[in-house]
Amino acid sequence: MFKKILIANRGEIACRVIKTARRMGIATVAVYSDADRDALHVEMADEAVHIGPPAAAESYLVAEKIIAACKATGAEAVHPGYGFLSERASFCEALEAEGIIFIGPKPKAIRAMGDKIESKKFANAASVSTVPGFLGVIEDAGHAERIAGEIGYPVMIKASAGGGGKGMRIAWDESEVRDGFERARSEAKSSFGDDRVFIEKYIVDPRHIEIQVLADGHGTALYLGERECSIQRRNQKVVEEAPSPFLDEVTRRAMGEQSVALARAVDYQSAGTVEFIVDRDRNFYFLEMNTRLQVEHPVTELVTGIDLVEQMIRVAAGEKLALSQADIRLDGWAIESRLYAEDPYRNFLPSIGRLTRYRPPAEGRSGAALVRNDTGVYEGAEISMYYDPMVAKLCTWARTRLEAIDAMSDALDGFTVDGIEHNVPFLASLMRHPRWREGRLSTGFIAEEYPEGFAPTMPMAEEAGILARIALSAHLIDATRRANHLDRLRPAQGLRRDWVVKIGDDYHALASDDAVATEWRPGEAVWHGTIDGRRVTAQLRPFANGMRIDWQGLSVRTRVFTPRHAELDALMPVKLPPDTSKMLLCPMPGLVVSISVSEGQEVKAGETLAVVEAMKMENVLRAERDLTIGSIRAKPGESLAVDAVIMEFA
Ligand code: ADP
């Protein structure tokens, strides 16, 4: 076994690999850029090597720097995590040439699976079911049209070198194929430097289900069940689970056996993932194979009890897998929620800043469930604009799917993150969504269920009742403590009476003796308690004269009044927020790339006003209606805070 390995990655996955290496008695080396000097993975590793400036292209993506770090520290092997250099065959070869072992598959397998057309040919040859399509060279738009006609509409045009959900378009008829083919080809050329595109059947309303495989260099290849990843936003996974609520034993075995056949066909030696889409009739079609550890691998670990990183390290060290297919049993249900630094209320725009508060729920047993949180941050850490905006991967495990969902709901309710915007409210509301709970999923779920994006909702009557009682309990605990401080001999008087809790603009009458039990103390952000026998976790944040309560994706402002005060409060004039409809505000902290209009110009709805860059993504800000530009306040090159005024309209 290795004595020392280097982790060529950052964030949660670097921390996750370090944990397993440490348990195995292997010393670890971290690498870090300027932006990651104080990062958790640097602190956790036994040694750390600085590899350059923040931009990944000048640090984490530079193979020579990783190799130099291995030599400087005597690391015998490299775990690449996911992303960065994990699927670069040339990186493995460069390591091999230096006698350093790559903890992953051989370069040949990475190459074979790295190209969509080539991998489909391999899959076909290994009798893996693929999406019906054409894998040859498409000469021109006319040719594309003939092929699409043969496949049958709708079709999908894909860049062979594409990835990360990019370079795909759907065509519903001949004119869309002609148009789409030309655009796809020029886009593929400019984005991936490779203009090969192919056409395949577009599967309507599919589910994304993938198989975890594990193979060694001694002829053993196994499948470790599936993960369903149908909860996606713009082809990016948000919530994953294992097993899939959709598969039966027969389909599971067929998908597993085909995945193993594919792994064998490319002499795969490591952990890998074979991705499929599955239609309503449980027909499944190979999409691609990811030749690395997958972000969502923890759910497989939770239902199989197998540490995938440990297995990868053992296989890379030349060991024979100590498992056989019969040893692989799926036990219970696991769910993963990806916590992103993004604003769910603003169309999920990226958010950056300092984590002024970061308190994940306790890991380990929670009642009959288990909680696991894979993270690379800590309270006080900075979420920068340079890297992936994922903050943590929160997982729960329980005997059944619904229990795992309820455990996730509770864990999300108790997850405190302040200082940045994040998607916890969205995830928490998803956990209550009836269609999600029933497991009726498709990759279109989020687009279908949240067509207008995610908006704050007002609580229903029963929910308002719970929120009102949380607010009142906090108020009474606070008031009792204050009363006791003021006069220790005459404890809290006048608290046992009728109260009115204002939630948003609504008033809820309550009596103080409502059945609430809690251990909450003033100042605590997380409120745990029991209301009518039901366990409730919520978060409380004080604001002027009141409490904001976050619970299950609801976020409300509450105030507690006596009935008389409530009557008077209702008479108070309403203060209107300032009118921002005549301004273009910067939707996230970012850099102004360009201003596309000039003062006095008339623009039509949909025209570009400005482009702002944040988190490596360019965001085009367009006119929402026909308007005339007034004064322009920001200049290209300027860094703006969220809600800074870019321009005013006349
Ligand atoms: P990438 O490598 O860019 O991630 P994939 O081929 O893995 O691309 O596809 C990503 C997602 O796009 C899938 O999870 C699925 O939601 C959708 N998708 C891809 N191919 C098809 C298809 N033929 N029909 C329907 N949806 C598809």
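Determine whether Val309 is in the same structural domain as Thr220 (by TED's automatic domain parsing), within 22 Å of the chain's Cα centre (by Cα) and more than 16 Å from the ligand (Cβ to nearest atom). Walk me through it before giving the result.
Numbers: in the same structural domain as Thr220 (by TED's automatic domain parsing): yes; within 22 Å of the chain's Cα centre (by Cα): yes; more than 16 Å from the ligand (Cβ to nearest atom): yes.
For Val309, the condition - in the same structural domain as Thr220 (by TED's automatic domain parsing), within 22 Å of the chain's Cα centre (by Cα) and more than 16 Å from the ligand (Cβ to nearest atom) - is met.
Restricting attention to the range 582-594, which residues are surrounded by 20 or more Cβ atoms within 10 Å (Cβ to Cβ) and out of contact with any Asp or Glu (no Cβ under 9 Å at 6 or more places or on another chain)?
Pro589
Anything in the range 163-178 that is without any contact (Cβ under 8 Å) to a residue 12 or more places away in the chain and more than 16 Å from the ligand (Cβ to nearest atom)? List them, or say none.
Ser175 - this is the single residue of the range 163-178 that is without any contact (Cβ under 8 Å) to a residue 12 or more places away in the chain and more than 16 Å from the ligand (Cβ to nearest atom).
Have a look at Leu330, Leu302 and point out the one that is in contact with a Pro (Cβ under 7 Å, 6 or more places away or on another chain) and away from the ligand (no atom under 16 Å from the Cβ). Can you show your working first?
Numbers: Leu302 fails: in contact with a Pro (Cβ under 7 Å, 6 or more places away or on another chain).
Testing whether each residue is in contact with a Pro (Cβ under 7 Å, 6 or more places away or on another chain) and away from the ligand (no atom under 16 Å from the Cβ) leaves just Leu330.
Using the structure shown, decide if Leu224 is outside any strand (DSSP E or B), modelled with pLDDT of 95 or more, among the aliphatic types (A, V, I, L, M) and more than 24 Å from Ile170 (Cβ to Cβ).
Taking the combined requirement at face value, the residue does not satisfy it.
Residues to consider are Pro298, Pro360, Pro344; find the one that is in the same structural domain as Gly439 (by TED's automatic domain parsing) and in contact with a strand residue (DSSP E or B) (Cβ under 7 Å, 6 or more places away or on another chain). Please lay out each step first, then the result.
Values: Pro298 fails: in the same structural domain as Gly439 (by TED's automatic domain parsing); Pro344 fails: in contact with a strand residue (DSSP E or B) (Cβ under 7 Å, 6 or more places away or on another chain).
One residue alone meets the criteria, Pro360.
Modelled with pLDDT of 95 or more and polar (S, T, N, Q), is that true of Ser191?
On the way: modelled with pLDDT of 95 or more: no; polar (S, T, N, Q): yes.
Judged against the criteria, Ser191 is not a match.
Taking the residues in the range 31-49 that are of a type in the set (Gly, Ala, Ser) and more than 24 Å from the chain's Cα centre (by Cα) as candidates, determine which candidate is farthest from Ser59 (Cα to Cα).
As a first pass, look at the range 31-49 and keep what is of a type in the set (Gly, Ala, Ser): 33, 35, 39, 45, 48.
If we keep only those that are more than 24 Å from the chain's Cα centre (by Cα) as well, we get 45, 48.
Details: Ala45: 18, Ala48: 14 Å.
If we take residues in the range 31-49 being of a type in the set (Gly, Ala, Ser) and more than 24 Å from the chain's Cα centre (by Cα), then Ala45 is farthest from Ser59 (Cα to Cα).
Within the range 606-650, work out how many residues are modelled with pLDDT under 90 and of a type outside the set (A, V, I, L, M, F, W, C).
8
For the range 104-115, which positions are surrounded by 15 or more Cβ atoms within 10 Å (Cβ to Cβ) and part of a helix (DSSP H, G or I)?
First, the residues of the range 104-115 that are surrounded by 15 or more Cβ atoms within 10 Å (Cβ to Cβ): 104-107, 109-115.
If the condition is that a residue be surrounded by 15 or more Cβ atoms within 10 Å (Cβ to Cβ) and part of a helix (DSSP H, G or I), then Pro107, Ala109, Ile110, Arg111, Ala112, Met113, Gly114 are the ones that fit.
If we keep just the residues of the range 249-289 that are in contact (Cβ under 8 Å) with a residue 40 or more places away in the chain and among the charged types (D, E, K, R), which is surrounded by the fewest Cβ atoms within 10 Å (Cβ to Cβ)? Write out each step before concluding.
Just the residues of the range 249-289 that are in contact (Cβ under 8 Å) with a residue 40 or more places away in the chain, to begin with: 255-256, 258-280, 283-289.
Then drop every residue that is not among the charged types (D, E, K, R), which leaves 264, 267, 275, 279-280, 288.
Values: Arg264: 14, Asp267: 15, Glu275: 18, Asp279: 16, Arg280: 12, Glu288: 19.
By that ranking, first place goes to Arg280.
Within the range 250-272, does at least one residue satisfy the condition of being within 16 Å of the ligand (Cβ to nearest atom), touching a helix residue (DSSP H, G or I) at 6+ places or on another chain (Cβ under 8 Å) and not in a loop (DSSP other than H, G, I, E, B)?
Step one: filter the range 250-272 for residues within 16 Å of the ligand (Cβ to nearest atom), giving 255, 259, 262, 272.
Next, from what is left, pick out any that are touching a helix residue (DSSP H, G or I) at 6+ places or on another chain (Cβ under 8 Å): 262, 272.
So of that shortlist, the ones also not in a loop (DSSP other than H, G, I, E, B) come out as 262, 272.
Within the range 250-272, one or more residues are within 16 Å of the ligand (Cβ to nearest atom), touching a helix residue (DSSP H, G or I) at 6+ places or on another chain (Cβ under 8 Å) and not in a loop (DSSP other than H, G, I, E, B).
Could you tell me whether the range 564-578 includes any residue that is within 30 Å of Ala544 (Cβ to Cβ) and buried (at least 17 other Cβ atoms within 10 Å of the Cβ)? Working first, answer last.
As a first pass, look at the range 564-578 and keep what is within 30 Å of Ala544 (Cβ to Cβ): 564-578.
From what's left, buried (at least 17 other Cβ atoms within 10 Å of the Cβ): 566.
Taking every residue of the range 564-578 in turn, at least one turns out to be within 30 Å of Ala544 (Cβ to Cβ) and buried (at least 17 other Cβ atoms within 10 Å of the Cβ).
Could you identify the single residue in Ala322, Ala407, Ala368, Ala326 that is modelled with pLDDT under 95, more than 18 Å from the chain's Cα centre (by Cα) and not assigned by TED's automatic domain parsing to the domain that holds Met615? Break it down stepwise before answering.
Working: Ala322 fails: modelled with pLDDT under 95; Ala407 fails: modelled with pLDDT under 95; Ala326 fails: modelled with pLDDT under 95.
From the options Ala322, Ala407, Ala368, Ala326, the qualifying one is Ala368.
Applying the selection to the range 52-82, what residues are within 16 Å of Ser270 (Cβ to Cβ) and not aliphatic (A, V, I, L, M)? Walk me through it before giving the result.
We begin by selecting, within the range 52-82, every residue within 16 Å of Ser270 (Cβ to Cβ); these are 77-82.
Those that are within 16 Å of Ser270 (Cβ to Cβ) and not aliphatic (A, V, I, L, M): His79, Pro80, Gly81, Tyr82.
Select the strands (runs of 3 or more DSSP E) contained entirely in the range 334-452, then report the ones holding at least 2 residues which are without any contact (Cβ under 8 Å) to a residue 12 or more places away in the chain. Spell out the reasoning first.
Values: elements: 357-359, 364-366, 369-375, 390-398, 416-418.
Answer list for the range 334-452: 364-366.
Take Glu200 and tell me if it is within 16 Å of the ligand (Cβ to nearest atom), over 30 Å from Met312 (Cβ atoms) and part of a strand (DSSP E or B).
Values: within 16 Å of the ligand (Cβ to nearest atom): yes; over 30 Å from Met312 (Cβ atoms): yes; part of a strand (DSSP E or B): yes.
Judged against the criteria, Glu200 is a match.
In the range 131-150, how many residues are within 15 Å of the ligand (Cβ to nearest atom) and either on the phi > 0 side of the Ramachandran plot or touching a Phe, Trp or Tyr at 6+ places or on another chain (Cβ under 7 Å) (or both)? I'd like the intermediate steps shown before the answer.
So the first thing to find is which residues in the range 131-150 are within 15 Å of the ligand (Cβ to nearest atom), and the list is 131-135, 147-148.
Imposing the further condition that a residue be either on the phi > 0 side of the Ramachandran plot or touching a Phe, Trp or Tyr at 6+ places or on another chain (Cβ under 7 Å) (or both) reduces the set to 131, 133-135, 147.
The total comes to 5.
If you scan the range 116-162, which residues turn out to be touching a residue at least 60 places away in the same chain (Cβ under 8 Å), more than 31 Å from the chain's Cα centre (by Cα) and in a helix (DSSP H, G or I)?
Hit for the range 116-162 is Ala125, nothing else.
So that you can scan it fast, the table gives a plain yes or no per residue for (1) surrounded by 14 or more Cβ atoms within 10 Å (Cβ to Cβ); (2) under 33 Å from the mean Cα position of the chain (by Cα); (3) of a type outside the set (Asp, Glu):
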position	(1), (2), (3)
Thr580	no, yes, yes
Lys604	no, no, yes
Thr608	yes, yes, yes
Arg625	no, yes, yes
Pro636	no, yes, yes
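Out of Ser160, Ser90, I need the residue that is closer than 30 Å to Tyr387 by Cα, in the same structural domain as Glu182 (by TED's automatic domain parsing) and either of a type outside the set (A, V, I, L, M, F, W, C) or at pLDDT below 95 (or both). Which one?
The conditions single out Ser160.
The values are calculated or read from the model by the stated rules, or taken from the named source; none is laboratory data. These numbers were taken from a predicted model, which means no experiment stands behind them. Here the Cβ is made from the backbone with ideal geometry for all residues, glycine too, and neighbour counts use every protein chain on show.
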